[in-house]
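The values are calculated or read from the model by the stated rules, or taken from the named source; none is laboratory data. Only a predicted model underlies this, so the values are computations on that prediction, with no experimental measurement involved. Here the Cβ positions follow ideal geometry from the backbone for every residue, glycine too, while neighbour counts run over all protein chains shown. Protein only, heavy atoms only, side chains kept; ligands, DNA and RNA dropped before computing areas. Shrake-Rupley method; radii C 1.70, N 1.55, O 1.52, S 1.80 Å.
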Amino acid sequence: MHIIHYNLTTTSKVGGVESFVWELAQQQIRLGHRVTLVGGNGSIERPMPGLRVLKFPFIARERLAWGPLRRAYAWRKLAERLSLLPRAWPILKTANLVHIHKPYDLVVAPLLKRHGIPTIYHGHGEDFFRGDVQLMNLAAALLSCSSYNAETLQGHYGRAATVVYNGVDLEHFRPLAPDPNLRQAIAGDAKWLLVHPGRMMPWKGQHDAITALSLLDKNYHLAFLGDGETRQALADYAQQLGIADRIHLLGTIAHSELPRYLACADLVLGTSYTSETFGMALAEAQACGKAVVASSWRGYDDVVQAGSTGERFIAQDPADLARVIAQLCADAGYRELLAQAGRQRVQQLFPWSAVAERVEAVYQSII
């Protein structure tokens, strides 16, 4: 079967959805499929034997921030996607099945249906726009990355979604001995190193993590692995609080290097308070044998169970986050129990081979 994954940002940005596309494509090649990845003309590369990657020019949403579109973020994202379609369309018509990962690409569903090509929509978030319900009616199947997201999609589209959890590369993300030189380079002689992986977006809660750090003593340092639109604001906020020397903005870390950085952490944090639908970064940390702390936002529920595979704090409550951090750092035995249970759950539910098998079952039911 010729499968095309159609997602503009897979080749132009780094994030959870983008990692999902790369990893699923690799597993599908192993299952014997011919797989093509169609994305925007960006710099992201992850060479894989047998995978054809095609990149096409597009108009970035930032360039469309003028006039009435300045505040219409959803429409700018839709326009960005539409700018890619004319060049990608001749390739899409060659597929047996097209797998999309953002609702803005649902516009291909009616076009592909005329050619007898099914569209699979895989929900990873809560982006919606006017007219998407009608377009969803033309998709052959609706998948979702988590139980929480499946409920959200059913409420919006009025259609049941098949839950296919995000996956973790268990060969890549595995327990490693901390590199003392790397830890020293990150945080000097800090006793406790907290690590927060993920893009810097307003809803990711990095602001709350910095506030929580200000409530802890100078033995605690916080490193952010990632970049994004709020980076400068976060740096300025840390400066205002007088803790800039305990905040380490490391920028985007190469996928190949992430396990080394996670190995240096005493705790890994997830602080989102909306939009988060799975928590892949925390699942990867669990696979590396690290104890994790997640907010009470429901999108983390499939990955972090309080008192079992991690701990939870009240979303947008820095004082509660500081309390949980201090509690876990004071109890090495409990941290180790959480770390072991988290890794076991990831091994059972989130290997990429299992993800590919669940997707394959949906494909076969359609074809």
First compute the accessible area of the range 190-330 with a 1.4 Å probe, then give the percent of it belonging to carbon and sulfur atoms. 49 percent
Would any residue of the range 147-162 have its amide N under 20 Å from a label point 7 Å out along Cα→Cβ of K113? List them or say none. 153-162
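Once Rh for the range 1-104 is found with the Kirkwood sum over Cα pairs, what is the Stokes-Einstein diffusion coefficient at 10 °C and 1.306 mPa s, in µm²/s?
Details: Rh = 14.2 Å.
This corresponds to a translational diffusion coefficient of 112 µm²/s.
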Per-residue ellipticity at 222 nm attributable to helices in the chain (runs of n ≥ 4 DSSP H, -39500 (n - 2.57) apiece, nearest 500 deg cm²/dmol) works out to -12000 deg cm²/dmol
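Under a 1.4 Å probe, what is the accessible area of the range 303-367 per residue, stated in Å²?
Numbers: 2910 Å² over 65 residues.
It amounts to 45 Å² per residue over the range 303-367.
Can you list which of the GluC sites (Glu not before Pro) found in the range 28-105 are DSSP loop residues with at most 11 other C-beta atoms within 10 Å? Write out the running numbers ahead of the final one.
On the way: sites: E45, E62, E80; in loops: E45.
When the GluC sites (Glu not before Pro) of the range 28-105 are filtered for loop state and at most 11 Cβ neighbours within 10 Å, E45 remain.
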How much solvent-accessible surface does H255 expose, in Å² to the nearest 10, with a 1.4 Å probe and all protein chains in place? 60 Å²
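When the accessible area of the range 97-155 is computed with all protein chains present and a 1.4 Å probe, what percentage of it is carbon and sulfur? Kindly include the intermediate steps, with their values, before the conclusion.
Values: 960 of 1990 Å².
Accessible surface attributable to carbon and sulfur in the range 97-155 totals 48 percent.
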For the range 258-312, the Cα-Cα pair-distance distribution in 10 Å bins from 0, as whole percents, is 28, 57, 15
Roughly what angle does helix 318-329 make with the longest principal axis of the chain, taking Cα atoms, 0 to 90 degrees, to the nearest 10? 70 degrees
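Using alpha-carbon pairs under 8 Å, 6+ residues apart, how would you state the relative contact order of the chain in percent?
Numbers: 716 pairs, mean separation 50.5, N = 367.
Taking the mean separation of contacting Cα pairs over the length of the chain, I get 14 percent.
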P(r) of the range 119-183 over all Cα-Cα pairs, binned every 10 Å from zero, in whole percent: 19, 39, 15, 14, 11, 2
If you look at just the Cα atoms of the range 204-318, how large are its Rg and its Dmax in Å? 13.6, 36
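By per-residue mean of other Cβ atoms within 10 Å, what is the highest-first order of 102-109, 46-53, 27-34? Provide the component values of the computation, followed by the final result.
Numbers: 102-109: 22.4, 46-53: 13.5, 27-34: 16.2.
Result, highest mean Cβ count within 10 Å first: 102-109, 27-34, 46-53.
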Accessible area of the range 66-193 divided out per residue, in Å², using a probe of 1.4 angstrom: 46 Å²
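Counting only DSSP beta bridges with both residues in the range 79-190, tell me the antiparallel percent, nearest 5. Intermediate results must be reported in sequence, preceding the final value.
Values: 0 of 9 bridges.
Within the range 79-190, antiparallel bridges account for around 0 percent of the total.
Do any trypsin sites (Lys or Arg not before Pro) in the range 184-264 lie in a loop, going by DSSP, with at most 12 other beta-carbon atoms within 10 Å of their beta carbon, and if so which? Don't jump to the answer; show the numbers that get you there.
Numbers: sites: K191, R199, K204, K218, R231, R246, R260; in loops: K191, R199, K218.
Here the sparse-neighbourhood loop sites are K191, K218.
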Regarding the range 43-183, what whole-number volume in Å³ per residue does the convex hull of its Cα atoms give? 193 Å³
Between (i) 63, 58, 33; (ii) 63, 48, 38; (iii) 73, 51, 33, which entry matches Cα extents along the principal axes in Å as derived from the coordinates of this structure? (ii)
Apply the Karplus parameterisation 6.51 cos²θ - 1.76 cosθ + 1.60, with θ equal to phi minus 60°, to every residue of the range 103-115 and state each ³J(HN,Hα) to the nearest whole Hz, in sequence, with x for glycine and proline. x, 5, 8, 4, 4, 7, 4, x, 5, 5, 4, 5, 9
The answer for the range 201-250, accessible area per residue at 1.4 Å probe in Å², is 45 Å²
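Which loop trypsin sites (Lys or Arg not before Pro) in the range 293-324, with loop taken from DSSP, have no more than 14 other Cβ atoms within 10 angstrom of their Cβ? Walk me through the numbers before you get to the answer.
Numbers: sites: R298, R312, R323; in loops: none.
Of the trypsin sites (Lys or Arg not before Pro), not one in the loops of the range 293-324 has a Cβ with at most 14 other Cβ atoms within 10 Å.
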Taking θ as phi - 60°, what are the ³J(HN,Hα) couplings along the range 215-232 by the Karplus curve (6.51, -1.76, 1.60), each to the nearest whole Hz, with x for Gly and Pro? 8, 9, 6, 5, 6, 9, 10, 10, 10, 9, 9, x, 9, x, 5, 9, 4, 5
Taking the dipole about the Cα centre of the chain, with the C-beta of Lys and Arg at +1 and of Asp and Glu at -1, give me whichever of G131, Q232, A177 is farthest to the positive side. G131
Run the simple label-point estimate for A74 and A306 please: 7 Å along Cα→C-beta, distance reported in nm. 3.2 nm
Excluding residues on the same chain fewer than 8 positions from K290, give the lysines whose Cα lies under 25 Å from its Cα. K191, K204, K218
